[in-house]
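J.: Handing you a structure now.
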Amino acid sequence: MKQTINKFLCIFSAASLLLLGSCKKKIDEAFLNPNAQIKQPIESLLPGVIANMGIQHSANGTLYGPQNDGQYIGRYIQNWATNTSGNQYDQMGDNFINKSDILGSIWAMHYYGMGQNISRIIEWGTEEEKWDYVGVAQAIRAWGWLTLTDIHDDVILYEAFHPEQLVFKYDPQSEVYEEIKRLCKAAIENLSKTGGGVSQANLAIGDAYMNGGDVNKWKKFVYGVMARTYNRITNKAEYQPDSVVYYCDLAMQTNAENTSLKWSNAGGTGTYSYWSPFRGNIGTLRQTKFIADLMRGGNAQFPTGSNDPRAWYIIRENPNGTFRGILPNRGGAGAGLLLGDSSANFWGGLYQTTAAPSSDAGSRYIFKNAPIFPIITASEIQFIKAEALLRDNQDNAAQLAYIKALNLHFDQLIADYEVSVPLGNRITPAARATFLANPLVVPNADNLTLSHIMMQKYISMYAWGVVETWTDMRRYHYTDLDPVTGQQVYREFAPPTGTDLYSTNFGKWIYRVRPRYNSEYLYNIAELNRLGAFAPDYITKELWYSKP
């Protein structure tokens, strides 16, 4: 953690301090300790913290955030695969053998990109009675802990953000979840305060690219984090569906209340999405057979006759005007598909094309230069609620939540992602009504299953929700059976096996990623040995939350 935690982003002010300095100043005055508490306006710290929820771009550390790790995690859940064969992430592997920081981006986001900045916002915001800033910082830290622990399991909790330390003890995931709940409650308390330095207009200065200073939207976000947290433990005896429903009902209910990240599109790398053609980072990714079959009526759960009008919004057609996808580790030459059946890339180029175009005119959905990038949506919350209600044998209420989730997703796509969708393929009221009236998609309450809910949730969070979807799939151990149908919850999802599975997994599927290499594996060796994190198959070790 030395390189991760000990750095402090108040060095943003270093240039101005040096400009003010005179030649008479001593060296130690001119070059201040970057770990010192050089007070900054918290309004200037919050934008960088929020940026980390997508991708960070700064002079002292860049590419930290879920978008970077997501391009690899998205392969584990088969949102996409590589257009060539032999990719270790398509095989549910990692890059540990090459001593790589790949899949350490969320780790660096939480401990470095957000770390001390959030601590200072809480500290200085308390001093200045800017309780809205304090509450927002606590909310983001709770979200950060959840995102972090859900991919790593045990993480550094109690000794985190201690710059005087060089090595750190890891703590159990169960305790991280309790800290998330504590922070969420503290965030709600502070977001509910008035007076002092609380000001919507002032909060909007630091919150320009997320909630615009609206504390009520931040409260909805906090309750969304709580709903996710309480829904994590569906495999445990202490799972309480009524608590999940309670927090879902307090979280966002409309798309106007969604928590989403925005880019300024103003020029410069940091003003564009990491998955944009401007950044050019995902040129080798192609949609998989799993998502294409779900959308085109080619999956046993949603078979022929349930063609999804949302397909044109979130995945790509091929030159034949149909939807096909590739199998993991079989991407070469279109995975055996005829040339006309190989899908376009996410920027609208030919299957074989990996170079980014000069414009995002052919891109759609969240793959444009400056899209609205969701963090938590009302649709997701309703799917969480539907799952909890179904588990609680409240079939009618579960069906209502499921239908609401679908409608919210349709509304979101039409409002935010219709640009660049061909006019003839845009969702019409008639097409939407026909789809939602189809009993293959929306059965009567008695026939609604976990498969309906979880697979439609998979579609609704396609691409932007890769960490959350991976968390769901691991709750169901990828291939768990629906207790009603006896079929997989994720029908026809086929994790790699045999030679398609990474060799050092020893026949097992991935459940976690390793701590960031260039901090933990260089400085925290004794603690990693205690965890067994040097084992080649450490990534296949199941996390606490998904166990009974």
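Each value in this text was obtained by applying a stated rule to the coordinates, not by laboratory testing. Values in this document were obtained by computation on a predicted structure and should not be read as measured data. Don't worry about glycine lacking a Cβ; one is built from the backbone with ideal geometry, like all the others, and counts go over all protein chains shown.
J.: State to the nearest 20 debye the size of the charge dipole of the stretch 166-224 about its Cα centre, where the only charges are +1 on K and R beta carbons and -1 on D and E beta carbons.
T.: 160 debye
J.: Taking θ as phi - 60°, what are the ³J(HN,Hα) couplings along the stretch 252-268 by the Karplus curve (6.51, -1.76, 1.60), each to the nearest whole Hz, with x for Gly and Pro?
T.: With coefficients 6.51, -1.76 and 1.60, one gets 4, 10, 10, 5, 5, 9, 4, 9, 9, 9, 10, 10, 7, 6, 8, x, x Hz.
J.: Rounded to whole Hz and in sequence order, give me ³J(HN,Hα) for the stretch 345-357 from the Karplus expression 6.51 cos²θ - 1.76 cosθ + 1.60, θ = phi - 60°, writing x for Gly and Pro.
T.: Taking θ as phi minus 60°, the curve returns 7, 6, 9, x, x, 4, 3, 6, 7, 10, 6, 6, x Hz for the stretch 345-357.
J.: I've got another one for you. Can you tell which of Gly93, Leu481, Asn369 lies farthest toward the positive end of the dipole of the chain, using +1 and -1 charges on the Cβ of basic and acidic side chains (Lys, Arg; Asp, Glu)?
T.: Asn369
J.: A follow-up question, please. Under the rule of at least 5 residues apart or a separate chain, name every residue whose amide H is placed under 5 Å from the amide H of Leu481.
T.: Val489
J.: So if each residue of separation counts as 0.36 nm, and I subtract the Cα-Cα distance between Thr353 and Asp537, what length gain in nm does that give?
T.: 62.8 nm
J.: Oh, and also: What angle do you read, to the nearest 10 degrees and between 0 and 90, between the alpha-carbon axis of helix 173-191 and the longest principal axis of the chain?
T.: Roughly 70 degrees, rounded to the nearest 10.
J.: Right, next: If you take the square roots of the eigenvalues of the alpha-carbon gyration tensor of the stretch 371-419 and sort them as a ≥ b ≥ c, do you get rounded (a/c under 1.5), prolate (a/b over b/c) or oblate?
T.: Oblate, since a/c reaches 1.5 and b/c is not below a/b.
J.: Please list, ordered by chain and number, the residues whose modelled amide H lies under 5 Å from the amide H of Ile376; skip anything fewer than 5 residues away on the same chain.
T.: Close amide H contacts, sequence-distant or interchain: Thr259.
J.: Go through Tyr158, Cys248, Gly212 and say which Cα lies farthest out towards the positive end of the charge dipole of the stretch 141-273; charges sit on Cβ, +1 for Lys and Arg, -1 for Asp and Glu.
T.: Looking along the dipole axis, the top candidate is Gly212.
J.: Another question, if that's okay. Roughly how many whole Å is it from the C-alpha centroid of the stretch 325-385 to that of the stretch 48-117?
T.: A separation of 18 Å, based on Cα centres.
J.: For the stretch 470-548 and the stretch 245-284, what is the separation of their C-alpha centers, rounded to whole Å?
T.: That distance is 27 Å.
J.: Assuming a viscosity of 1.306 mPa s and a temperature of 10 °C, what translational diffusion coefficient in µm² per second does Stokes-Einstein assign to the stretch 282-440, Rh being the Kirkwood radius over Cα pairs?
T.: 93 µm²/s
J.: To the nearest 10 degrees, how steep is helix 215-231 against the longest Cα principal axis of the chain, on a 0 to 90 scale?
T.: That works out to roughly 60 degrees.
J.: Related question: Amide H to amide H under 5 Å from Lys130: which residues, 5+ apart in sequence or cross-chain, H placed 1.01 Å off N in plane?
T.: Gly197
J.: Largest first, please: the extent of the C-alpha atoms of the stretch 196-351 along each principal axis, to the nearest Å.
T.: Extents along the principal axes, in whole Å: 65, 50, 27.
J.: Could you give each residue of the stretch 395-409 its phi-based ³J(HN,Hα) in whole Hz, using Karplus coefficients 6.51, -1.76, 1.60 with θ = phi - 60°, and x for Gly or Pro?
T.: Residue by residue, the stretch 395-409 yields 4, 5, 5, 4, 5, 4, 5, 4, 5, 4, 4, 4, 5, 4, 5 Hz.
J.: Would you work out the charge dipole size for the stretch 71-140 about its Cα centre, treating the Cβ of every Lys and Arg as +1 and the Cβ of every Asp and Glu as -1, and quote it to the nearest 20 debye?
T.: So the dipole magnitude of the stretch 71-140 works out to roughly 360 debye.
J.: Now for a different question. Rounding to the nearest 10 and keeping the result within 0 to 90°, find how far the Cα-based axis of helix 66-76 lies from the longest principal axis of the chain.
T.: 30 degrees
J.: Sticking with this structure for a sec: At q = 0.16, 0.27, 0.28, 0.29 Å⁻¹, work out log10 I(q)/I(0) for the stretch 105-167 with the Debye formula, treating every Cα as an identical point scatterer and leaving solvent out; two decimals please.
T.: Ignoring solvent entirely, the Cα scatterers give -0.54, -1.17, -1.21, -1.25.
J.: Same structure again: Note down the magnitude of the dipole of the chain about its Cα centre, charges +1 on Lys and Arg C-beta and -1 on Asp and Glu C-beta and zero elsewhere, to the nearest 20 debye.
T.: Values: 49 positive and 51 negative charges, 178 e Å.
Once rounded to the nearest 20, the dipole reads 860 debye.
J.: Further question: Measure off 7 Å from each Cα along the Cα-to-Cβ vector at Tyr158 and Asp392, then give the distance between these two points in nanometres to one decimal.
T.: About 3.4 nm, to one decimal.
J.: Rounded if a/c is under 1.5, else prolate if a/b beats b/c, else oblate: with a ≥ b ≥ c from the C-alpha gyration tensor eigenvalues square-rooted, which is the stretch 412-502?
T.: Details: a/c = 2.42, a/b = 1.39, b/c = 1.75.
Taking the square roots of the gyration eigenvalues as a ≥ b ≥ c, the stretch 412-502 is oblate.
J.: Given the pairs Lys39/Lys219; Lys262/Lys368; Lys457/Lys541; Lys219/Lys368, which are separated by over 22 angstrom at their Cα positions?
T.: Long pairs (Cα-Cα over 22 Å): Lys39/Lys219; Lys457/Lys541; Lys219/Lys368.
J.: First check a/c for the stretch 69-114, with a ≥ b ≥ c the square roots of the eigenvalues of its C-alpha gyration tensor; if it is under 1.5, answer rounded, and if not, answer prolate when a/b is larger than b/c or oblate otherwise.
T.: It is oblate, given that a/c is not under 1.5 and a/b is not larger than b/c.
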